[in-house]
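Worksheet: one structure, shown below.
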Amino acid sequence: MNQDTQDNFFKSSVLGHPAGLFVLFFTEMWERFSYYGMRALLVLFLTTSMTKGGWEWNVEDAMALYGTYTMVVYFTPIIGGYLADRFLGYRWAVVIGAFVMTLGHASMAVETPTFLYIGITCLMIGNGLFKPNMTSIISNAYEKHPEKKDGAYSLFYMGVNAGAFLGIMLCGYIGEKVSWSLGFGLAGIFMFFGMLQFYFTQNIFGTIGLPPTAATKLATKEKEAQENTAPNIIRDRIIAVVIFSVFSVFFWAAFEQAGGSMTIFAEKFTQRELFGNTAWIFKITDALLTIIPLLVISYVLLKLFSKTVKEYALGNSILSLSFIIIWGIVIWKINRDFSTTETEVPASWFGILNSLFIICFAPFFSKWWESKYNISGPMKFGLGLALLGLGFGFLAYGSMGITSDSVVRVSMVWLIAAYLFHTLGELCISPVSLSYISKLVPASWIGIMFGVYYLFLGMGNKLAGSMGGLIETISQQYSLSTFFLLFTIIPIGLGVIMLLLSPLMKKIMHGVS
């Protein structure tokens, strides 16, 4: 990519970063809206009784499907990264992937076994094209500004979690309280909006992400030759990426309990029926938690709108329409909640806490990574794993004395504390992983190596489903507290190991920091 393209991308600034970053921000936001909105409903829908519209699967089977789905959506990016690197280009891969995912969500809304599996298949294929290539566009755009990459990926991650927040909140609410089909269908509608917004605004990226040509492939090879990175250094850096990826398997195996065992804990063992003043306090708090983050994201939208509306009127209009619809749904939801006399917190509601905390803390972590107090990548990984383990420590303590057939319901405080520490751990690992991969691997390998990283994440997600499916078995043989204690000890232990490996990791990273 030439310097003119870099200068063009950076000429229009929003919140200290190029406007193009926020086009990606909103595209990824709607994709995550659809992914997490569906994920929040899947296990609940499958395990809910038929009298309440579910399919009444047992927990182990539901978690097995959940684990397989979340595994394969991270396996397919290695193919999507390869196709984009060699043939499609990053931008067309994103557009095609988004369209296929839209079809997947539409299929799931039909609510028959055949269409469920068709929908899940489309989501896995579409995600493979979409996921690695969004991050590859950022990597290419910031090629000449590596010092801003960690901050850019952290802000991008804020968009990821803004979408997750809205998707879990709205799809989960509508699915549990109104209709499972409408909950699944809503995810697809906003995936479609995200695709259109990206397609009609993509020229903001200049030549970044276009299909490769003979000339661009030759330029990439020449650039790598100019970099003159010794083969042993490339080998060492790839080893570092693999080590980070292996530790990520265990991080995500624990973290992704949010969509399985933690949701089951929320549904069966958490006091969610509220009365009197407590109910009103929750309604007010929930309304504020809904409106304030949406106001923040709307502010970002207005900043982007002011910079790009003249050149990209159609793309901005589609994005604005999607926000008008979101505000309409939010106002309807709040009015409905305040009009009802009974207050029961949806089990899926707790999933928004992770996204909410991301929105709150991502800017601070972004500034930290850009400050003189920044710590090395291995230390970030070690800290992230330890924080994740501490989060499960709250659940292990809060669930003491509970068995699988217990009627005891505990305070929501334990889940809230767990999600807070999980989020802080995630901010130390997930966006940083994307940044370090882009720094460590050769330019021509970016798409493929992002795919490899997601391959390891897929393994972690499958492990999450398998381990989460054991919640009833372990609870019956030992206790629910023992189940969560395993997720406390293992991440903390791995975090300590990563900290001990820090000097070796710095050595094989050869100056990348």
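The values are calculated or read from the model by the stated rules, or taken from the named source; none is laboratory data. Keep in mind that what you see is a predicted model, and the values were worked out from it rather than measured. Cβ: placed from backbone, ideal geometry, glycine included. Neighbour counts: every protein chain shown. Each accessible area value is taken on the protein alone, full model and side chains, heavy atoms only, with ligands, DNA and RNA left out. Shrake-Rupley method; radii C 1.70, N 1.55, O 1.52, S 1.80 Å.
Over the chain, what is the mean sequence separation of C-alpha contacts under 8 Å (at least six apart), divided by residue count, expressed as relative contact order in percent?
27 percent
Counting only heavy atoms of protein chains, what accessible area per residue, in Å², does the range 340-447 have with a probe of 1.4 Å?
About 36 Å² of surface per residue is accessible.
Give me the extension gain from PHE87 to ARG235: residue separation times 0.36 nm, minus the current Cα-Cα distance, reported in nm with one decimal.
50.7 nm
Roughly speaking, what is the centre-to-centre gap between the range 368-418 and the range 436-513 when only Cα atoms are used, to the nearest Å?
15 Å
Express in nm, to one decimal, how much length is gained between SER376 and ASP61 on full extension, taking 0.36 nm for each residue of separation and deducting their alpha carbon distance.
109.3 nm
So how tilted is helix 90-108 from the main axis of the chain? Cα-based, degrees 0 to 90, rounded to 10.
Around 20 degrees separate the two axes.
Give the separation of the Cα centroids, the range 50-89 to the range 294-313, in Å.
The distance from the Cα centre of the range 50-89 to that of the range 294-313 comes to 33 Å.
In terms of solvent-accessible area of protein heavy atoms at a 1.4 angstrom probe, what is the ranking of TRP92, TRP252, highest value first?
TRP92, TRP252
Would you calculate the separation in nanometres between label points at TYR299 and THR114, each defined as 7 Å from the Cα along the Cα-to-beta-carbon direction?
Going from the TYR299 label point to the THR114 one covers 5.1 nm.
Can you pull the percent of the range 1-141's accessible area that's carbon plus sulfur, 1.4 Å probe, other chains left in place?
After summing per-atom areas, the C and S share lands at 64 percent.
Could you tell me which of the pairs LYS148/LYS307; LYS303/LYS380; LYS310/LYS439; LYS131/LYS217; LYS310/LYS367 are separated by over 25 angstrom between their Cα atoms in the structure shown?
Table pairs above 25 Å Cα-Cα are LYS303/LYS380; LYS310/LYS439; LYS310/LYS367.
How large a share of the accessible area of the range 392-508, in percent, is made up of carbon and sulfur atoms when the probe is 1.4 Å and the other protein chains stay in place?
Roughly 73 percent, rounded to a whole number.
Grab the Cα-Cα distance for ALA214 and SER411, subtract it from 0.36 nm times how many residues apart they are, and report the gain in nm with one decimal.
64.8 nm is the gain from fully extending ALA214 to SER411.
Dipole size in debye (nearest 20) for the chain around its Cα centre, Lys and Arg Cβ +1, Asp and Glu Cβ -1?
Here the size comes out at about 1080 debye.
Rounded to a whole number of µm²/s, how large is the Stokes-Einstein D of the range 313-386 at 10 °C and 1.306 mPa s, given Rh as the Kirkwood radius over C-alpha pairs?
96 µm²/s
Reachable lysines from LYS52, Cα under 30 Å, same-chain residues fewer than 8 places away excluded?
Answer for LYS52, where 30 Å is the Cα cut-off: LYS177, LYS268, LYS283, LYS333, LYS462, listed by chain and number.
Please give, to one decimal in nm, the separation of the simple spin-label points placed at LYS52 and LEU501, each 7 Å out from Cα toward the Cβ.
Output for this residue pair reads 4.2 nm.
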